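Report on the structure given below.
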Amino acid sequence: LFKENNCETKMGLPCVLEAFTSIFNTGSISNKCCGELVVLGKVCHSALVKRTLENPLFKDLNPAKIIAKSIQTWNNCLALIDSPSPSA
């Protein structure tokens, strides 16, 4: 059985909040948090977004828009992590 709470332990709270803000609000995610997000994995990332959408607090959000934004955040992070940083 897939345990979602295993997902969250891989990411520090500041990065969870940062990722959250970049998806559910407007904000950007730092390189450090992108690294944590990529380590977390796409399955966990998607699961956490879906679980958040199921929360009554977020019932007014457009799920399609949020999911698109979460994929965009994921792809941005992957691109960021895959490209060698100029300040190596």
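The values are calculated or read from the model by the stated rules, or taken from the named source; none is laboratory data. The structure presented is a predicted model; accordingly, all values stated were derived computationally and were not measured. Positions of Cβ are generated from backbone atoms using ideal geometry, with glycine treated the same way; all protein chains shown enter the neighbour counts. Keep in mind that these areas ignore ligands, DNA and RNA; they rest on the heavy atoms of the full protein, side chains included. Shrake-Rupley method; radii C 1.70, N 1.55, O 1.52, S 1.80 Å.
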Notebook entry, point to check: Once phi is turned into ³J(HN,Hα) by the Karplus curve 6.51 cos²θ - 1.76 cosθ + 1.60 with θ = phi - 60°, what whole-Hz value does each residue of the stretch 63-77 show in order, with x for glycine and proline?
Noted result: x, 4, 5, 5, 5, 4, 5, 5, 5, 4, 4, 4, 5, 4, 5
Check: Each residue of the stretch 46-59 in order: what ³J(HN,Hα) in whole Hz does its phi give by Karplus 6.51 cos²θ - 1.76 cosθ + 1.60, θ = phi - 60°, with x for Gly and Pro?
Finding: 4, 5, 5, 5, 4, 5, 5, 5, 7, 6, x, 4, 10, 5
Notebook entry, point to check: What FRET efficiency comes out for the pair V38/K65, r = Cβ-Cβ distance, R0 = 22 Å, nearest 0.05?
Noted result: 0.45
Next item on the list: Go through the stretch 29-38 residue by residue and turn each phi into a ³J(HN,Hα) via Karplus (6.51, -1.76, 1.60, θ = phi - 60°); whole Hz please, and just put x for glycine and proline.
Entry: 10, 6, 4, 4, 6, 4, x, 5, 5, 5
Notebook entry, point to check: Between S28 and N55, what length in nm is gained on full extension when 0.36 nm per residue of separation is reduced by their alpha carbon distance?
Noted result: 7.4 nm
Margin query: Nearest 500 deg cm²/dmol is fine: what mean residue ellipticity at 222 nm does the chain get from its DSSP H runs of n ≥ 4 alone, each adding -39,500 (n - 2.57), divided by its residue count?
Written below: -21000 deg cm²/dmol
Checklist line | Å² per residue, accessible surface of the chain at 1.4 Å | finding: 66 Å²
Next item on the list: Kindly rank 31-44, 50-63 from highest to lowest mean number of other beta carbons found within 10 Å of each residue.
Entry: 31-44, 50-63
Note to self: Just want to confirm a number: the relative contact order over the stretch 13-82, from Cα pairs under 8 angstrom separated by 6+ residues, in percent.
What the structure shows: 40 percent
Check: Roughly speaking, to the nearest percent, how much of the stretch 27-67's 1.4 Å accessible area is carbon and sulfur?
Finding: 62 percent
Note to self: Beyond a 18 Å Cα-Cα separation, which of these cross-linked pairs lie in this structure: K10/K59; K10/K32; K10/K65?
What the structure shows: K10/K59; K10/K65
Notebook entry, point to check: Which one, [x] 15.0, 46; [y] 13.0, 44; [z] 16.2, 45, gives Rg and Dmax of the Cα atoms in Å as derived from the coordinates shown?
Noted result: [y]
